[in-house]
Amino acid sequence: MIIFENSDFFVETEASSIPWLKIFTKEPYRELGDMPKGLKGRLWELYDIIEEEMRSYYNPKKINMASFANMLPRVHIHVMARFEEDSHFPNPMWGEKLREGKLTLPSEEEFYRRVKEALKGV
């Protein structure tokens, strides 16, 4: 589900037991180095805002950021809130599941609303 969109980027959710958003460029740049410098700066501005909102809303143990793009060869950044009680911690979410997660998190919808509001004007 897309929760934010402007002329250069969109932010969508990832179905997961943890808070997880993905930032995509609309133009299908293959590598970060292919992006114009100003656009790269705006990408990191979006990332900073999302991380700040994720940290203040969920108070996670750690924020994970990833950009593999092997399966989907275009620029996109994963932003994940991690908790000691999540199913994979301290492993990456793509790694071995270690346990059943025991998370009680506040409303996703409120988090998405806050992110969308914070990203206005970016």
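Estimated purely from DSSP H runs of n ≥ 4, each contributing -39500 (n - 2.57), the mean residue ellipticity at 222 nm for the chain is -9500 deg cm²/dmol once divided by its residues.
With the cut-off at under 19 Å, measuring from each backbone N in the stretch 1-27 to a point 7 Å along the Cα-to-Cβ line of Phe68 picks out 12-25. Farthest toward the positive end of the dipole of the chain, out of Ser87, Trp44, Val122, is the Cα of Trp44, where the dipole comes from beta carbon charges about the Cα centre. Counting 0.36 nm for each residue step from Lys97 to Thr13 and taking away their Cα separation leaves a gain of 28.2 nm.
Remark: Leu21, Leu72 ranked as Leu72, Leu21, counting other beta-carbon atoms within 10 Å and listing the fewest first. Take the Kirkwood radius over Cα pairs of the chain, plug it into Stokes-Einstein at 37 °C and 0.692 mPa s, and you get 219 µm²/s for translational diffusion. The charge dipole of the stretch 2-119, taken about its Cα centre with unit charges on the Cβ of Lys, Arg, Asp and Glu (plus for the first two, minus for the last two), comes to roughly 240 debye. To the nearest 10 degrees, how steeply does helix 108-119 sit against the main Cα axis of the chain, on a 0 to 90 scale? Approximately 30 degrees, to the nearest ten. Among residues other than Met35 with Cβ under 10 Å from its Cβ, the summed charge is 0 (Lys and Arg +1, Asp and Glu -1).
For the chain, lysine pairs with C-alpha atoms less than 19 angstrom apart, excluding pairs fewer than eight positions apart on the same chain, total 13. Remark: relative contact order (the stretch 1-77) = 27 percent; criterion is Cα-Cα distance under 8 angstrom and separation of 6 or more residues.
Read the figures in this text as sums done on the coordinates, not as results from a lab. Here the structure is a predicted model, which is why all the values come from computation and not from measurement. Positions of Cβ are backbone-derived with ideal geometry, glycine not excepted, and every protein chain shown enters the neighbour counts.
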